[in-house]
1. Given the whole protein assembly as supplied and a 1.4 Å probe, what does the accessible area of residue 94 come to in Å², nearest 10?
2. Below 14 angstrom from the Cβ of residue 100, what's the summed charge of the other residues (Lys, Arg +1; Asp, Glu -1)?
3. Within region 16-58, which residues have the backbone N less than 13 Å from the label spot 7 Å out from residue 116 along Cα→beta-carbon, could you tell me?
Amino acid sequence: MSIELLKNTVSDDDLGQVKTSLRLEPDMESDNVLLKMLIKAARRDIIGQVGERIDDFFDDNEVFNAAVILEVSHLYNHRSATSEQQTFEVPMALYSLINSMKDDYRYQIAKKDGWLDDYTSGIADAESSNETAADSDRDSNLTQEDDHNG
């Protein structure tokens, strides 16, 4: 599914998953509009934090789905505009999920842009150069030992 579709549509399956996580009855439809709005808001927030250059990055991404459910649950459970209750910040687990997606996303971008190939070939070149220098030093030391022993 494209990023634009993720940001603007909610399937019945996605709505059902969120309702299950919130322990809402599937046939209870009074909050469906609110839940769909919260799902789209959570998706936009998470996608905005991770990135939008890889259109299929979020497809079948369990970490993304878990982060969306976690954020929607938080928003739904703390949706009152005014309250005498203590306020709660977004759970730290959400940040952990987003950070793990950012790492994977950056890796895929680096691979897609060819930066990763350049980086790994640079490491291979450096290792090869170091091995050549070590071989040269070893040969030089052996030659010096031969000169002293001869």
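The values are calculated or read from the model by the stated rules, or taken from the named source; none is laboratory data. Here the structure is a predicted model, which means the values were calculated and not measured. Cβ atoms come from the backbone with ideal geometry, glycine included; neighbour counts cover every protein chain shown. Just so you know, the surface numbers come from the protein's heavy atoms only, side chains and all, with ligands and any DNA or RNA stripped out. Shrake-Rupley method; radii C 1.70, N 1.55, O 1.52, S 1.80 Å.
1. 10
2. Around residue 100, the charge tally is -1.
3. Counting backbone N atoms under 13 Å from the label point, the list is empty.
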